[in-house]
Structure formats: C-alpha cells, structure tokens
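K.L.:
Sharing a structure here in structure tokens format.
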Amino acid sequence: MVKCGSGSHIRCLILTLLIVLGGCASLEPARLPHESTPGPSGEALWQQVSAVRSDDWFIPLNIGRTALEWRLRAIDSATESIDLQTFLWSNDAVGDEISQALIAAANRGVTVKLLLDDSFTVNESEFLATLNRHPNIDTRIYNPFHYRPDNVAIREMFNLGEFSRIDRRMHNKVLVIDNIASIIGGRNQADEYFGHHAKANFRDMEVLAYGEVSQQISKSFDAYWNSGWAFPLETLGSNANDAQQPGNVPGGQPYLRQFLPVESTESLASAWRGAATTGFGGQASLLVDAPAGETPSVESATLLAAQMLRWIDQAEHELIAVSAYLIPTQELQQAVERALARGVKIKILTNSLQSNNHTSAHAAYRHHITQLLELGVEVYELRAFASGRALYMDAPVESKSLGLHAKFMLIDDDVSFIGSANLDARSLKLNTEIGLMIRSAALNGRVRELIAHDFQLSNAWLLQQRDGGSIVWVGDSITHKEQPSDSTWQRLEDWFFGLLPIENEM
C-alpha cells in the first residue's frame, strides 16, 4: 500500500501512478460469440420504398436540422435492427432525443446495437448504462481504456503504459436501419453537430444512402462489433447497476420531440417514398479501415487512405476538398503534386485559427500553408463569424461562432466522397475511418451547389501569397496581414503548439 502524508498528495499520485503503470497488464481482446445484423428487412415500409425505385440512391444531408430529422425518422422507421457506430455521444438535447428515439425503437422490439469509441465516454457512463439496461439495446465500447477513473486527465495518465494502443481511435460514424437504409458522414451525436449549441456549431456533411450499399456498411459494422476490441459496456465497470430505468435518461427531458414530431406510419412511408423519388442514383464504393486485429498498437494497413489516394490519382480536371483538419501526410502531399502536374485544379476549404476547435491541429496545418500555395492549391479558411452562418445553426446567431467539421471531396464532375476522414495524419494513419466514394454526376452537381456558399469570401478567407512570401487572408471587404484570431493569446497558443513535434498525432 502507498502511504501519503499530509501535503504529499501530488507525490502520492505520481508514486501510485508509477506502481500501476509498472505492474499493469495489457488489455487483451474480448472473446465473444459472433453476432451479425440480419439481412435487409422485408417489412411493408421498405417494400413501398423499393417499389418506387430498385437502384441505390443518395441524398446529401447538408443542414444540421435536416440531418437530425432524417436521423430520427430513420430510427422511428426501424422494424428489426439498428446499428449505430459513433465517435462521440453527449447527453445534451440532441443526444438525449436520439437516445429516446432508440429506446422507443427498442420498445417496439427492434434490436439496437450501439458501438462507441472510448475517447469521450468518461462523463457519460450513467447515460450509456441507462440505455444498455434495456433488454433490446446492447452497447459496446471500442478499444477501451483499461483503467477507468472518472476523470479525463487522470484516466489518460493511468493508461500511459498502453499509449500506442489507446492512441488509435475508432472515428467511424454510421447509422444503419434494417440493413437497407443508412447515414454516413462526419456528425457525432451532440448539439453542436446539428446547429443546436448555444455558443458554437459545426458546418458538417453526411449522406443518406438506400439500397445494397447499406448492406456493405452493415458488414463493416459487424466487423468492428466482432473484432474483439468492442467490449460490452457492462464489463467495464460503467455504473450499470446504478443507472436509471430506460426511458428516463439522466439529465434529459420527457419524451417530447422538440426536433421532429413522432410521425405516423403513413407519414414515415410518404417521407421515404419522396426521398426515393428525389434521391440521386449512383454507384458507391465503401472505403473503410479494418478494425484492429490482435492489438490496435500494431501498425495496420491504412485501407481508406490508400484507396482515397488512388481515387485522387484518377482526377483529370478538378479536385475540391473540404476537411476540418488539413495536415497533409507525405503520401497525400505527393498525390496532390501528381494531380497538379496533370493540370488538375485543386481547391481546399479548412478551418481558420478562429474557427478551429483544436488549436494544436491548426498549428500543425500552418506549417503546410506556404508549400500548398506555392504548388498552386487554392486554400480557403472558414470564417468563424461567416455572414451566412445562420444556414448551419439555430437562431439567434449573433453571438454564435461557426466551425468546420465536414469531411468530403469532389473529384471532377461525377465523383463525391463523404465520410469521417479528415486530410490529416490522425485520420489517414492512426484512426479507423469510413466513407462512401459515390460515382454520380447528379449528386456531384448537387454538392457543388451546396458548397458554393462556403467558398464565398463573406464566409471564408482566401489565402494568398504576396511578393516576398508573406501570406494574407482575403475577405469580401477586408484583407488581413495576420491570421484572424480571437486574441493575441490565441495566436501565442498557436505559435507555441507549432514548436512541438506533434504533427503525426494531429
């Protein structure tokens, strides 16, 4: 036993930590029975939708409120199975409403499987345990922390001995309904991803997909679920015995649908038939990283990154990329150079210092700006107080800022990528990611229309290099010689992080 005298709490903590780290055993993968999502549902609702058209179709979910409405509608439509895979889930208004919709589905007899990364579960254990108590809801945590104190910093300290394992996170975001309809993209389950946060919201993007492509996404979910690194929540000491009964999520409100009224069966069917009528047909290729094998600490093939680079190498005329975090790996940099050498025009939108929720990521990106501009890439940065930010958030917006969280790409005039992967080392080398590369001229054209707003100089800064090498940020009515920021302190923080060798972790 470690004994600590008065005034020695810090020394005691350090000593205890060293003892724990010195004697800790590595977490081993779970050995669980294999489970698979049932095949596509043949229920009447889906028969009606498939009667409208039999091919795969897609709808971009550009606006947070619309994306939330379709997420809730999809859950309400489930008759047999729901698979939800996510990086982050907050017990806020949006997170609560999604959870209540899932409970309602489980009450109807739907089998609900929830798979979360462990990065942000430290304050949500009771919330998640409440969901998990429902007999039709099964919750698993991917690549969990071995030692689980109820504090983020202490949890990370106590698991430093397994840093190479816990550094590799599951960043996938997927919702599959009845193995026939799905939503895939960049949004987590929290207010700020759907425009409902009181102070700061994200511009994000997802795609609603229907048809056989959803079965491919479901198979990828099953691969993670059965990987051995998806641990049942109840095995992780997550307060499951103390959780409230399902249907009364802690901190939530009664089941009053503030975002989407509960729809009748006919209303649901009508909405899906309308979506099938207006959806964009296309052929989709699923880009997805494999889950960890025997251990996430072993360098595995970056399947999505390799496939994405092959698609970039096929670009003939134009490449438009929107990436919340832009820190080109060597392989991505070389692909960009090859494309430019072929005469491909490249335009990229990323976060500015002011709009970026991770200053350290911006500091790493800053080292690449000059090289990108010198190569001939058009670089735009989102303005935190963009004049058109009301499109992406609930009113009132006067004091609310906007950040970029979307991850999508347009290749020439017929291919669109929408997924969870940023153009940075963390997405392309460390995290697992997922996305759809969709060949459809109509969908590509529609996404182009949607993002024209984002590249307007009232909503984004255009970076230009002047004679002598200095960079300026050009807006619609003002040009800055220094990067726009909230304060001198923010610039100093950005400068400090830029001194650290952290690029490969960003």
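The values are calculated or read from the model by the stated rules, or taken from the named source; none is laboratory data. This is a predicted model, so every value here is computed, not measured. Here the Cβ positions follow ideal geometry from the backbone for every residue, glycine too, while neighbour counts run over all protein chains shown. Heads up: the accessible areas ignore ligands, DNA and RNA and are worked out on the full protein's heavy atoms, side chains in. Shrake-Rupley method; radii C 1.70, N 1.55, O 1.52, S 1.80 Å.
K.L.:
Excluding ligands, DNA and RNA, what is the solvent-accessible area per residue of segment 416-506 at a probe of 1.4 Å, expressed in Å²?
P.N.:
Per-residue value: 46 Å².
K.L.:
Using the Kirkwood formula on the Cα atoms of segment 66-215, what hydrodynamic radius do you get, in angstrom to one decimal? Walk me through the intermediate numbers first.
P.N.:
Working: mean 1/r = 0.0622 Å⁻¹.
The Cα-based Kirkwood calculation yields 16.1 Å.
K.L.:
With no solvent and one point per C-alpha, what does the Debye sum give as log10 I(q)/I(0) for the chain at q = 0.07, 0.09, 0.10, 0.11 Å⁻¹?
P.N.:
The Cα Debye sum returns log10 ratios of -0.38, -0.64, -0.80, -0.97.
K.L.:
OK, next. Keeping all protein chains in the complex and leaving out DNA, RNA and ligands, what accessible area do you get for M170 with a 1.4 Å probe, in Å² to the nearest 10?
P.N.:
Around 0 Å² of this residue is reachable by solvent.
K.L.:
Quick one: compute the contact order of the chain, relative version, from alpha carbon pairs under 8 angstrom and 6+ residues apart, as a percent.
P.N.:
Details: 1021 pairs, mean separation 90.0, N = 506.
Relative contact order, the chain: 18 percent.
K.L.:
In this model, which of K199/K345; K113/K347; K219/K347; K347/K429; K199/K429 are farther than 29 Å apart at the alpha-carbon? Intermediate results must be reported in sequence, preceding the final value.
P.N.:
Working: K199/K345 36 Å; K113/K347 39 Å; K219/K347 34 Å; K347/K429 23 Å; K199/K429 32 Å.
Over 29 Å apart, Cα to Cα: K199/K345; K113/K347; K219/K347; K199/K429.
K.L.:
Continuing with this model, one more query. For segment 81-204, what % of the accessible area comes from carbon and sulfur atoms, probe 1.4 Å?
P.N.:
Working: 1750 of 3280 Å².
Carbon and sulfur: 53 percent of the exposed surface of segment 81-204.
K.L.:
On average, how much accessible surface per residue is there in segment 279-333, in Å², for a 1.4 Å probe, leaving out ligands, DNA and RNA?
P.N.:
Values: 2310 Å² over 55 residues.
Counting only protein heavy atoms, the per-residue value for segment 279-333 is 42 Å².
K.L.:
Can I ask one more? Please compute the length gained on full extension between E337 and K199, using 0.36 nm multiplied by the number of residues separating them and subtracting their Cα-Cα distance. Walk me through the intermediate numbers first.
P.N.:
On the way: separation 138, 0.36 × 138 = 49.68 nm, distance 3.89 nm.
45.8 nm is the gain from fully extending E337 to K199.
K.L.:
How would you order 445-454, 427-436, 208-217, 258-267 from highest to lowest mean count of nearby Cβ atoms within 10 Å? If you can, show how the numbers build up before the last one.
P.N.:
Values: 445-454: 16.1, 427-436: 23.9, 208-217: 21.8, 258-267: 12.9.
My ranking of the peptides, most packed first, is 427-436, 208-217, 445-454, 258-267.
K.L.:
What is the set of long-range amide H partners of N351 at a cut-off below 5 Å, with H atoms built 1.01 Å from backbone N?
P.N.:
For N351, the qualifying residues are L326, L382.
K.L.:
Leaving out ligands and nucleic acids, note down the accessible area per residue over segment 78-127 with a 1.4 angstrom probe, in whole Å². Don't jump to the answer; show the numbers that get you there.
P.N.:
Working: 1190 Å² over 50 residues.
Dividing the accessible area of segment 78-127 by its residue count gives 24 Å².
K.L.:
I've got another one for you. Share of segment 379-506's accessible area from carbon and sulfur, percent, 1.4 Å? All intermediate terms of the calculation are to be shown ahead of the outcome.
P.N.:
Working: 2980 of 5410 Å².
Carbon plus sulfur share of accessible area: 55 percent.
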